[in-house]
Amino acid sequence: MSQIVRRKWMFVPAYLAVHLFLDWISFIHAVSSINITPWNPPAGLMMGVSVLLGVRAVPLVWLALTAADLVVRDLPITLLPMTLWAPFLANGVVALGYGVAGWLLRRAIDPGLSRLRDIVLLLGGSAAAVLGIGLCFIAIHTAAGLFAWTDFPEVLLRYWTGEVIGIAVLTPLVLIGRRMPALRWSWSGAAETLAQGALIGFTLWLDFGPLASSQYEHFYLLFLPAIGIAVRHGLVGAVVASVATQAGLIAAIQATGVDTDRMAHFQLLMLTLAVTILLLGAVVSERRRAEDRLRVRQSDLAHASRLIEAGEMTAALAHELNQPLAATMGYARAARKVARIEGASPRLTEILDKTVTQAERADRVIRSLRDFVRKGASDRAPLPVATLIADCLTLAGPLASRHAVEIVGEIDPALPAPLPTVDGDAVQLQQAILNLVRNAAEAMGESAGGGPSAQAHTARRRIVIFACPAVQPGFVAIGVRDTGPGLAEVVERNLFAPFVTTKPTGMGLGLSIVRTIVESHGGTLTARSGPDGGTVGGPIGGTVFQFTIPAHAAGKNGEPA
């Protein structure tokens, strides 16, 4: 908490220092002794801070304006109170006007200026606010005798133009500067920046150098580099180009001694340049964001199309496999019956029994898959957790032999006794767990294929199918833990995205299917890497895939009924 307070107090002197510096470097060609200049960057700073802070910025802005009058314009503090009322009151009107305008703009725009609409509202709202503020500001000083009432329109125009230029140039920099990406050094980027700066300098030299004329016909050449930067880099580039161009213009005007009488003409040209660059940069950035969203949408649609095709192919395969599988079961049952009648060896009878069991299970899997693809439904019933894990261990036996891994079950003692049951489709949950076991076995098989640590790694090739209490009440957590190499970086970034795989023959649909099954049961699937899949003291490596499943008789909110 103290750090936050310290930052707030550091912000106040930092803002005052920046405000005074900007006021000092821009106090040129002033009208009388008040801050009416061709380009007033403190106005951009005030509007930016007011948009961010709202009316809370009013005291800070008033203090900065008064300090600038004392430091930059040498306002005597020994004057009588009757003489000081005009600048103090005028600064109060300006601070209050900017605070209210910033508060209203904050409610209407995104401070990050993410849309063209935000830029238009910022410029239009600021222009209207400055006009109202300027009417009061100039009226107060005119009433104090600083101007003649006949000069009121001209002075107001000079004030309004200088303020709006400062807002158009500096306020976007203040607002987007908080989210501006960090600059990265590169030779190509440095060369491009130098070339763009040289082009701006060259156009300024054409406008104000030996080839310049009294009419400044080459002024519009400044639009070329600024527009090029805005098109190349969008809003961020437009903001930086606008600041650089305006600073170069003011420096050139000071160096060449442009007559004060011509400053109103230059102000309008500078305003046109600033607004044009800003709007163009906003259009380019918004178009690029729209293109990015379109690319993401097209990618999502392509994935969805491929998933639909995969679903249709799955349904067709399930239908085509149903007939030969039924014939296989018939032949296997007939063979078992013949073996028993003819007194075949017990070993042959056992093998035929296992063949019939696996064929019947394959038939159930295909029927369940076909119903799930076509109807989106599943046959759910109370299923003991211990039975689910035991069945999965039995079904995973061939995987253990094929990949030379040890597959064991583990029930967390923290689970209540008797062990809970879950609501789910037994076939689908078995397939989800077996998919995770198969992924773990194949990952460990690939990692142990060679290398100096292959033998050490083989010694700990272990997969655990576990059940433990879930964080969410009314749910049970079931998962698979392995001692493999962990998740590949490319897979971890797109873990459950379809068609993402590191296997040479994989389709990248396994984890996506598992997540679909889990979410259709009302649970969630997560993954993490860690030592031995999260066990304490285990070797480095390993992955844990864990999903939650509602316990039997759980209420709608997950609470036990």
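The values are calculated or read from the model by the stated rules, or taken from the named source; none is laboratory data. Since the model is a prediction, treat every value here as computed from it, not as a measurement. Quick reminder, even Gly has a Cβ in these numbers, built from the backbone with ideal geometry, and neighbours come from all protein chains shown. For accessibility, only protein heavy atoms count, side chains too; no ligands or nucleic acids. Shrake-Rupley method; radii C 1.70, N 1.55, O 1.52, S 1.80 Å.
Test of understanding: among L206, L222, L175, L157, which residue is farther than 19 Å from M270 by Cα and at pLDDT 75 or above?
Values: L206 fails: farther than 19 Å from M270 by Cα; L222 fails: farther than 19 Å from M270 by Cα; L157 fails: farther than 19 Å from M270 by Cα.
The match here is L175.
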Original post:
Listed residues L135, L211, L156; which is under 23 Å from L89 (Cβ atoms), out of contact with any Asp or Glu (no Cβ under 7 Å at 6 or more places or on another chain) and open to solvent by 60 Å² or more (accessible area, probe 1.4 Å)?
Top reply: L135
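Only one of these is at pLDDT 80 or above and open to solvent by 40 Å² or more (accessible area, probe 1.4 Å): V338, V373, V385. Name it.
Numbers: V373 fails: at pLDDT 80 or above; V385 fails: open to solvent by 40 Å² or more (accessible area, probe 1.4 Å).
Testing whether each residue is at pLDDT 80 or above and open to solvent by 40 Å² or more (accessible area, probe 1.4 Å) leaves just V338.
Would you check which residues across region 86-142 are polar (S, T, N, Q) and more than 14 Å from G48 (Cα to Cα) and list them?
The first filter runs over region 86-142 and keeps only residues polar (S, T, N, Q), leaving 91, 114, 126, 142.
Answer for region 86-142, where residues must be polar (S, T, N, Q) and more than 14 Å from G48 (Cα to Cα): N91, S114, T142.
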Subject >> Positions within region 398-413 being part of a helix (DSSP H, G or I) and surrounded by 12 or more Cβ atoms within 10 Å (Cβ to Cβ), in sequence order >> reply: L399, A400, R402, H403
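Can you find a residue in region 115-122 that is outside any loop (DSSP other than H, G, I, E, B) and under 30 Å from S33 (Cα atoms)? Explain how you work it out, then say what you get.
Initially, region 115-122 is screened for residues outside any loop (DSSP other than H, G, I, E, B), giving 116-122.
Those still in the list that are under 30 Å from S33 (Cα atoms) too: 122.
Checking region 115-122: at least one residue is outside any loop (DSSP other than H, G, I, E, B) and under 30 Å from S33 (Cα atoms).
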**OP:** Looking at (1) open to solvent by 30 Å² or more (accessible area, probe 1.4 Å); (2) of a type in the set (G, A, S); (3) at pLDDT 90 or above, find the lone condition where G92 falls short.
**Re:** (1)
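Would you check which residues across region 104-114 are in a helix (DSSP H, G or I) and open to solvent by less than 20 Å² (accessible area, probe 1.4 Å) and list them? Don't jump to the end; show me each part of the working.
So the first thing to find is which residues in region 104-114 are in a helix (DSSP H, G or I), and the list is 104-108.
Correct list: L105 only.
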Subject >> Residues located in region 335-364, provided they are part of a helix (DSSP H, G or I) and among the charged types (D, E, K, R) >> reply: R336, K337, R340, R347, E350, D353, K354, E360, R361, D363, R364
**OP:** For residues that are open to solvent by 30 Å² or more (accessible area, probe 1.4 Å) and modelled with pLDDT of 80 or more, tally how many sit in region 517-561.
**Re:** 8
Original post:
Based on what the data block shows, is T142 open to solvent by less than 10 Å² (accessible area, probe 1.4 Å), hydroxyl-bearing (S, T, Y), in contact (Cβ under 8 Å) with a residue 24 or more places away in the chain and on the phi < 0 side of the Ramachandran plot?
Top reply: no
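In region 23-44, what count of residues is obtained for those that are under 21 Å from L113 (Cβ atoms) and in contact with a Leu (Cβ under 6 Å, 6 or more places away or on another chain)? Please lay out each step first, then the result.
Residues of region 23-44 under 21 Å from L113 (Cβ atoms): 39-44.
Now drop any that are not in contact with a Leu (Cβ under 6 Å, 6 or more places away or on another chain), which leaves 41-42, 44.
Adding up the residues that qualify gives 3.
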Original post:
Given the structure, is G281 surrounded by 13 or more Cβ atoms within 10 Å (Cβ to Cβ), at pLDDT below 85, small (G, A, S) and in a helix (DSSP H, G or I)?
Top reply: no
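Condition check ((1) modelled with pLDDT of 80 or more; (2) open to solvent by 10 Å² or more (accessible area, probe 1.4 Å); (3) hydrophobic (A, V, I, L, M, F, W, C); (4) out of contact with any strand residue (DSSP E or B) (no Cβ under 6 Å at 6 or more places or on another chain)) across all residues:
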site: P418; (1), (2), (3), (4): no, yes, no, yes
site: G424; (1), (2), (3), (4): yes, no, no, no
site: Q455; (1), (2), (3), (4): no, yes, no, yes
site: R462; (1), (2), (3), (4): yes, yes, no, no
site: P469; (1), (2), (3), (4): yes, yes, no, yes
Original post:
Would it be correct to say that T260 is surrounded by 18 or more Cβ atoms within 10 Å (Cβ to Cβ) and at pLDDT below 85?
Top reply: no
